[in-house]
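Q: Take this structure first; my questions come after.
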Amino acid sequence: MEENYEKRKSKLPLLIGILSLILVLSVGGVYAYFSARATNSGQNITGRTLDINGSTLTIAATRVNLNPSPAPVSDNLLPAKFGVDPTEMTTTQVNKALTKSCVVGGYTGCHVWKITASTTQDIPTANIRLNLNVNTVTDKDEWSYVVYIGTDSSATTVLNKGLINTDFGNTTNTIDIHNGASLTAGTPAVYYVMVYLNNTNSVQNDGTAVGTTNETGAYNGSVILEAMGGEVKVNFLDDAAEYITNLYNNATKSNATVNNITYNLAPSVNLMNDRYASMSTDINGGDIRYYGTDPNNYVWLGDTYTSDVTFPGDAKAGTPDIVRQAGDKKLWRIVGIFDGRLKLVSNDPISTTVLSWDTSANTTGGNSGWGINQWGPSGTYEGADLMRLLNPRYEGESVNNSLYWNKTSSGTVYTGSNNVTTSNVSFANTGLTANERSLIDTATWYIGACDQESYADVHYTAERGSMGKICTQGNTGCDDTVTRTNTWNGKVGLISVSDYGYSADLSQCNQTLDSYSSCTSSNWLSIGRYEWTLSSRANSYGADGVFNVGPGGLLSIGLASDGNAVRPAVFLKSGVSISSGNGSESSPFVLE
């Protein structure tokens, strides 16, 4: 479990600001001017405010390490029985849990959180509002909590106890665990929250057997410190990757077989397991991916469009424009979970101008000006133009110079062959913000080439293979001397061909990807316009071919210098958590 924070910056009108100055004189402090970004380190998180006098108001949520021996084999909660009903828990039961029942035989029965609120100025009245919520649970009646005062290892007073679903009900209900008492400067108020799943002696398993109760789920919560007109809030939440993995694990499965590989699909949550494109891998042992027409995989990282923007559709294919207005959320979508990390792709293209994957000078070694289909650096070759547009460290160049990464308002990009066709493009609306950049991890991307349009599993294997340029130097479009690589380490890439193939509903699509036109309606990654992928084509007559997806949903091959829509893909850092939302377009996951 990873903890996160949410900080709200005050946007008070001038009149209220003046009134606040008056209150400073009468009551000694108004906490309504927020600054200082909270930090996230391990399982300790802190939210902080600064008021106009320089006083601070701080709240922290820390997961208590109960130091069990042996260490638990899993941090997931198992049903636990503490001898009394959750509404009757006393200090006796809490202390027994802290010393025994929270970890028994290597299994975890409860989680304990330490809540610390402090101030540098005396405050006569403060509220500490606790909220708890349980998600993705068929039967959530027995999820329970206790709020108590004590130490990391013992309780002296139980303040609140009961059932989460009854006492909190939804994400808006809170309990004031400080009850409006004062806060003394330099003397923190400390509370403890225990969360557990009450054992009912009935079937409380993970729901994998038909007809059984499903108690498996995820809890999250927040604590808000309110004092004198201001507030600071921290969240303690489930890891987003773990949350989505649990969605898949707890759902009823069905099978689909394509190209002699049988996959597990979870239709109720639109998730599937790619089993690493091999029957030799366990059917639930691979990457977990979203698939289908429109799964609930929308993500908002907190940023919005600052002005209106229209991404042109494809008139010949009859696909409409994508219109975004100032204030609309700039959304991402989750491709899946890979090695415990979320892979996202931008919901919208990043430019109203089509962009080249790569272009090259029309000289010997430049593939007749049609581009070089090597994404990352190789020897003295810097890498594809598009890679340098999307990623940091290329700011010193004159074209495609990290414009998207730096959210540059005006810059030059290549949009045609021979390194001569350029366009001036603004990324002020669509470029990466500081918040987005802070969440993006450096990742290993698989960029091995494929020599055919085939099934998703064939492309998955080829992307991790060693095939590169197989044409003969000196042929038209095959003059470069660049060595092709099968991996690239970087921040921002594109979807791969296998990503596109596995995003279709395999129970309806058993074709090769160049015959995917009938699968377009069941593939959320198809956006009805020509779009670049990360994957290159290796063949005997050119070293400038890159796979793209057409407006009809078909996989095809294009020259690297062609102009297509671009939707960046990224891997997020481990430990990113969901603070709100259900993944729908109207209520996207908010990640922190």
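Q: What's the exposure ranking of TRP405, TRP332, going from fewest to most Cβ atoms within 10 Å?
A: Ascending number of Cβ neighbours within 10 Å: TRP405, TRP332.
Q: If you take the beta carbon distance between GLN508 and ALA326 as r and set R0 to 35 Å, what does 1/(1 + (r/R0)^6) give as a FRET efficiency, to the nearest 0.05?
A: 0.35
Q: Decide, for the stretch 387-543, between rounded, prolate and oblate: order the square roots of the alpha carbon gyration tensor eigenvalues as a ≥ b ≥ c, take rounded if a/c falls under 1.5, and otherwise choose prolate if a/b is larger than b/c, else oblate.
A: oblate
Q: Taking the Cα centre of the stretch 232-350 as the origin, how large is its charge dipole in debye, to the nearest 20, when only Lys and Arg (+1) and Asp and Glu (-1) carry charge on their Cβ atoms?
A: So the magnitude is around 80 debye.
Q: What nm distance separates the two modelled labels at ASP451 and THR151, each placed 7 Å from Cα along Cα→Cβ?
A: Label-label distance for ASP451 and THR151, simple model: 7.1 nm.
Q: Could you tell me which of rounded, prolate or oblate describes the stretch 522-588, using a ≥ b ≥ c as the square roots of the eigenvalues of the alpha-carbon gyration tensor, with rounded for a/c under 1.5 and, failing that, prolate when a/b is larger than b/c and oblate otherwise?
A: Note, shape of the stretch 522-588 comes out prolate.
Q: To the nearest 0.05, how large is the calculated FRET efficiency for ALA185 and THR483 if R₀ is 56 Å and r is the Cβ-Cβ distance?
A: That pair, ALA185 with THR483, gives E of 0.30.
Q: In addition: Would you mind putting 538-550, 311-323, 292-304 in packing order, based on average other-beta-carbon counts within 10 Å, highest first?
A: Ranked from most to least packed, the peptides come out as 538-550, 292-304, 311-323.
Q: Continuing with the same structure: Test of understanding: ordering THR125, THR485 by Cβ neighbours within 10 Å, fewest first, what list do you get?
A: Arranged by neighbour count, lowest to highest, THR125, THR485 become THR125, THR485.
Q: Okay, moving on. For a quick check of your reading of the filter: which trypsin sites (Lys or Arg not before Pro) in the stretch 354-411 sit in a DSSP loop and have no more than 16 other Cβ atoms within 10 Å?
A: Counting only loop positions with at most 16 other Cβ atoms within 10 Å, the trypsin sites (Lys or Arg not before Pro) in the stretch 354-411 are ARG393.
Q: Let me know the shape class of the stretch 272-341, please: from the alpha-carbon gyration tensor, a ≥ b ≥ c as square roots of the eigenvalues, rounded when a/c is under 1.5, otherwise prolate if a/b is greater than b/c, or oblate.
A: It is oblate, given that a/c is not under 1.5 and a/b is not larger than b/c.
Q: Let me ask something else. Given a Förster distance of 30 angstrom, what is the FRET efficiency for VAL84 paired with LYS573, based on the Cβ-Cβ distance and rounded to 0.05?
A: After rounding, the FRET efficiency stands at 0.15.
Q: Within the stretch 320-344, which residues have the backbone N less than 16 Å from the label spot 7 Å out from SER586 along Cα→beta-carbon, could you tell me?
A: Those under the cut-off are 329.
Q: I've got another one for you. Any idea how far the Cα center of the stretch 298-320 sits from the one of the stretch 442-512, in Å?
A: First find each Cα centre; the distance between them is then 27 Å.
Q: So how do VAL590, VAL94, VAL425 line up by other beta-carbon neighbours within 10 Å, fewest first?
A: Going from least to most buried by this count: VAL590, VAL425, VAL94.
Q: Please give the net charge around GLN473, taking every other residue with its beta carbon less than 9 angstrom from that of GLN473, where Lys and Arg add +1 and Asp and Glu add -1.
A: Counting the neighbours of GLN473, the net charge comes to -1.
Q: Starting from the amide H of GLY336, placed 1.01 Å from N in the peptide plane, find each other amide H under 5 Å away whose residue is 5 or more places distant or on another chain.
A: Sorted by chain and number, the residues that satisfy this are TYR290, LYS343.
Q: Output the pairs from LYS316/LYS343; LYS114/LYS573; LYS253/LYS330; LYS114/LYS343 with a Cα-Cα distance over 29 Å in this structure; if there are none, say none.
A: LYS316/LYS343; LYS253/LYS330; LYS114/LYS343
Q: Can you list residues whose amide H is under 5 Å from THR487's amide H, if they're 5+ apart or on another chain and H is modeled 1.01 Å from N?
A: So THR487 has HN proximity to ILE447.
Bear in mind these aren't lab numbers, they're just calculated from the coordinates by the rules spelled out. Computed from a prediction, not measured in an experiment: that's the story for all the values here. Virtual Cβ from ideal backbone geometry, glycine too; neighbours counted across all protein chains shown.
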